[in-house]
Amino acid sequence: MPLKWLLHWQPNAGASVNSQILTEVSQCADSMNGVKEGRWKSTLTFYRPVIRVQDQALTSELPRDFLGLSMHDQPNKYYFIIRAQRLVLEADLSIQSIMEKLQSYKTRVALNFEGIQYRLGDFQLRVGKVAPINSESLRGIVLEVEYLPISSLEKGRQIMAEFLEIWQEAVSKRSLPGHFMHMETNFADYGLSDHYSSQHTAVQYAIVMAQLIASAQLRS
Amino acid sequence: MSRFCFLVVQREAENKGLFSMECVVQGIIETQHVEALEILLQGLCGVQRERLRTHELCLKSAPNLGAVASEVRLLCDLEQTEPTWTVRHVGGAMRGAGAEQISVLVRTMVESKVSKNVLRLFYALGYKLDHELLRVGFAFHFQRGAQITVTVSSVNKMLKLHSTDEAVPVTPGIQLVEVTAPASPENYTEVVAAVSSFCEYLAPLLHLSKPGISTGVVPTAAAAAASLMSDGGGTTL
């Protein structure tokens, strides 16, 4: 599948994320003659273990960062990520039903990543706001950049970097209090190859989520 | 939903709007009669058998993890060039007077195909290996009133952890026969009927019953097998 980079909006020190930034970022895509292709939505769920009887030893060995992800471009799949253990799993959607039946983990919170998809030549751009489901409160802004002709992370690196340079320049003209950031990820740590797959996307979502939480904690 | 009192399934159906069920019966056969059974199945199903080599790992939740103690099975299909993994959750069997009257077990069952690191994931989530098995044999998949699968396999245990190459039979000389068919709350009565009706054809060679209710080998097996072997399955049993 085509190579994708997931970026997140990193506010400047003391600044926060707001819907005006989201609007302006979307206008950037418009100004670059991006063709609107419709809406997209992915949902990230944080799980917490259900402990029957208080058990400190058990609690300490269970993951604190167990995430589930449903993606707009893989409607029949579901992904689990435990970042601390460099673990990503692809499953059929029915795994959610199995997890419910097991009753060992519960949803702590779920966040929607949603917005508009644009097409710019061989690139697909998805600007998205991050907000808890059933809430409009903005927790972050993300940008998916997909380069359709290439699947190799290594071969696509240069063209992605060049595209982002143009994009960052367009965004910087608006003097917004922050910038988009791309986190370099060593996918080999997760057992993933250079050939891009949805599991790579799942890992990027987990990493971006950690960044969003970290910057929110810094601000508060 | 039906005349059966199957409250658990009904409630789940209402809550989720999606879940799977399966109808299942099991039996045993002496290994010496397996070839005859294969000839009979080949004649009845009209499809080619598929080889079966499945590593099955049964995991249980750590003490205190979960609202209830839970169990999940990880199945690794070793017949594929690149082994494929499936997570299976087998739920409660249908209960009530109606369920007791039928000879087929109906239970909830959900499966999900997963990538290969699923064992690592469940270990990380606090599940522990309870036991593991290697099933070796063959299977027939065919449509006969329902999507029926018949598996005939020897069940093997591993002498060392995960050492599927050094597995030994749990019950030497005996193989397990399992007939299953997927079902839903809407159609399970028809599926039960289709499975029961199919099992009658196998009756001279083996008796199939609900899992856990073993009825042993049947006395007519040797004669039926001899008859099948002599004419290649042409005789109507």
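The values are calculated or read from the model by the stated rules, or taken from the named source; none is laboratory data. Just so we're clear, the structure is a prediction, and the values are computed from it rather than from any experiment. Neighbour counts are summed over all protein chains in view; Cβ atoms, including those assigned to glycine, are modelled from backbone coordinates with ideal geometry. The accessibility values were calculated without ligands, DNA or RNA, using every heavy atom of the protein model including side chains. Shrake-Rupley method; radii C 1.70, N 1.55, O 1.52, S 1.80 Å.
Just a few scattered comments:
Okay, residues lined up against (1) within 23 Å of A:Pro11 (Cα to Cα); (2) polar (S, T, N, Q); (3) touching a residue at least 24 places away in the same chain (Cβ under 8 Å); (4) out of contact with any Asp or Glu (no Cβ under 9 Å at 6 or more places or on another chain):
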position	(1), (2), (3), (4)
A:Arg119	no, no, yes, no
A:Pro132	yes, no, no, yes
A:Leu138	yes, no, yes, yes
A:Ile141	yes, no, yes, yes
A:Val145	yes, no, yes, yes
A:Gly156	no, no, yes, yes
A:Glu169	yes, no, no, yes
A:Arg174	yes, no, yes, no
A:His182	yes, no, yes, yes
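- Residues in the stretch A:180-220 that are of a type in the set (D, E, K, R) and either open to solvent by less than 30 Å² (accessible area, probe 1.4 Å) or more than 16 Å from the chain's Cα centre (by Cα) (or both): A:Asp189, A:Asp194, A:Arg219.
- Among (1) in a loop (DSSP other than H, G, I, E, B); (2) under 17 Å from B:Leu40 (Cα atoms); (3) of a type outside the set (A, V, I, L, M, F, W, C) - the single one B:Ser214 does not satisfy: (2)
- Residues that are hydroxyl-bearing (Ser, Thr, Tyr) and either more than 7 Å from chain B (Cβ to nearest Cβ) or in a helix (DSSP H, G or I) (or both) within the stretch A:88-104 comprise just one, A:Ser97.
- The lone exception for A:Asn33 - which of (1) more than 21 Å from the chain's Cα centre (by Cα); (2) within 14 Å of chain B (Cβ to nearest Cβ) it fails: (2)
- Some residue of the stretch B:102-125 being of a type in the set (Gly, Ala, Ser), within 12 Å of chain A (Cβ to nearest Cβ), touching a residue at least 60 places away in the same chain (Cβ under 8 Å) and assigned to a loop (DSSP other than H, G, I, E, B): no
- Some residue of the stretch A:6-17 being assigned to a helix (DSSP H, G or I), away from every other protein chain (no Cβ under 14 Å) and open to solvent by less than 20 Å² (accessible area, probe 1.4 Å): no
- Residues of the stretch B:176-200 that are open to solvent by 30 Å² or more (accessible area, probe 1.4 Å) and either touching a Gly at 6+ places or on another chain (Cβ under 9 Å) or in a helix (DSSP H, G or I) (or both): B:Leu176, B:Glu178, B:Thr189, B:Glu190, B:Ala193, B:Ser196, B:Ser197, B:Glu200.
- Filter result for B:Val68 (in a loop (DSSP other than H, G, I, E, B) and more than 22 Å from B:Ser163 (Cβ to Cβ)): yes
Listed here are the residues, each with its yes/no results for (1) closer than 23 Å to B:Pro182 by Cβ; (2) within 10 Å of chain A (Cβ to nearest Cβ); (3) in contact with a Cys (Cβ under 6 Å, 6 or more places away or on another chain).
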site	(1), (2), (3)
B:Glu50	yes, no, no
B:Leu65	no, yes, no
B:Val72	yes, yes, no
B:Thr86	yes, yes, no
B:His89	yes, yes, no
B:Ala97	no, no, no
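- Residue within the stretch B:132-145 that is within 14 Å of chain A (Cβ to nearest Cβ) and either touching a Ser or Thr at 6+ places or on another chain (Cβ under 6 Å) or at pLDDT 95 or above (or both) present: no
- Taken over the stretch A:54-70, the criterion of being under 20 Å from A:Ile213 (Cα atoms) and more than 9 Å from chain B (Cβ to nearest Cβ) is satisfied by A:Arg64, A:Asp65, A:Leu67, A:Gly68, A:Leu69, A:Ser70.
- Residue match in the stretch A:118-138 (condition: aromatic (Phe, Trp, Tyr), open to solvent by 10 Å² or more (accessible area, probe 1.4 Å) and away from every other protein chain (no Cβ under 14 Å)): yes
- Filter pass, A:Ile51 being more than 17 Å from A:Glu146 (Cα to Cα), away from chain B (no Cβ under 14 Å) and open to solvent by less than 70 Å² (accessible area, probe 1.4 Å): no
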